[in-house]
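Trainee: Below is a structure I'd like to ask you about.
The values are calculated or read from the model by the stated rules, or taken from the named source; none is laboratory data. The structure presented is a predicted model; accordingly, all values stated were derived computationally and were not measured. When we count neighbours, we look across all protein chains shown, and the Cβ atoms used for this are built from the backbone with ideal geometry, even at glycine.
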Amino acid sequence: MDPEYLTGIEEIDKQHLEIEGVAAALIDAVEAHDKWHIVHYIVVRLYELLRFHFTVEEAMMRITGFPEIDEHKRVHQDMLQTVERMKSATLDSDLGRASDLIKTQFSFLSHIVDHDKRLAEFLVANVAHLKR
Ligand SMILES: [Fe+2]
Ligand SMILES: [Fe+2]
C-alpha cells in the first residue's frame, strides 16, 4: 500500500491492506477474463470486507464523537452501493457490463482508503493511547 494511505492506526491499516488486496485481485480477474463465478466470488468477498470495515469505523466514530460522522457514513453507503451494483452485474455469465463497471470504478477501488485521512487525524489527536 502507498505509505501516504497509512493511517498509523494498526487495526484500520490492517483492514485497509486486506481490502486493497481483494480489490487488486478483482482487477486482475477482470483483466484476465476469468469466468463470471470467479469474478463474482471476489466481488462478494470485497463487499463483505467493506461492510465489516465500515461497521468498525462507524462504531469508532460514534464512540469517539467524530464530528463528521454523517458525511463519512454517506461515503461508506455510496461505496457499498457501487459494490452491490458490481455484485449483481457479475451474476451475468456475459461479463461485458460488469467488466466495464469494474474498470471504470478502478479509481474508486484504489481510493477506498483515501477518505479516512480526516478520521485518522481526529482519532490520533483525540484518543489518548493513539496520541503520537
Ligand atoms: Fe476505511
Ligand atoms: Fe471510512
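Trainee: So, of the residues in segment 36-63 that are over 24 Å from Lys103 (Cα atoms) and surrounded by 15 or more Cβ atoms within 10 Å (Cβ to Cβ), which turns out to be nearest to ligand 1 (Cβ to nearest atom)?
Mentor: Step by step, filter segment 36-63, then rank; the result is Glu57.
Trainee: When you scan segment 54-100, how many residues do you find that are closer than 28 Å to Ala29 by Cα, free of Cβ contacts under 8 Å to residues at least 40 places away in the same chain and within 16 Å of ligand 2 (Cβ to nearest atom)?
Mentor: Qualifying residue count, segment 54-100: 9.
Trainee: Scan segment 111-132 and report the pairs whose first residue is within 15 Å of ligand 1 (Cβ to nearest atom) and whose second residue is assigned to a helix (DSSP H, G or I) and modelled with pLDDT of 90 or more, with Cβ atoms within less than 6 Å and a gap of 6+ or a chain change.
Mentor: Within 6 Å, the pairs are Ile112/Ile19; Val113/His16; His115/Val75.
Trainee: Among (1) touching a Lys or Arg at 6+ places or on another chain (Cβ under 8 Å); (2) among the polar types (S, T, N, Q); (3) assigned to a helix (DSSP H, G or I), where does Gln15 come up short?
Mentor: Failing condition for Gln15: (1).
Trainee: Which one of Met79, Met86 is surrounded by 15 or more Cβ atoms within 10 Å (Cβ to Cβ), under 13 Å from the mean Cα position of the chain (by Cα), under 16 Å from Ala23 (Cα atoms) and of a type in the set (A, V, I, L, M, F, W, C)?
Mentor: Answer to the check: Met79.
Trainee: Would you pick out the residues in segment 18-47 that are in a helix (DSSP H, G or I) and either within 10 Å of the chain's Cα centre (by Cα) or on the phi > 0 side of the Ramachandran plot (or both)?
Mentor: Passing the criteria: Glu18, Ile19, Glu20, Val22, Ala23, Leu46, Tyr47.
Trainee: Filter segment 59-96 down to the residues that are assigned to a loop (DSSP other than H, G, I, E, B) and of a type in the set (S, T, N, Q) and list them by number.
Mentor: Thr90, Ser93 - these are the residues of segment 59-96 that are assigned to a loop (DSSP other than H, G, I, E, B) and of a type in the set (S, T, N, Q).
Trainee: Given the conditions (1) touching a helix residue (DSSP H, G or I) at 6+ places or on another chain (Cβ under 8 Å); (2) closer than 25 Å to Asp2 by Cβ; (3) modelled with pLDDT under 95, report the number of the one that Thr104 does not fulfil.
Mentor: (1)
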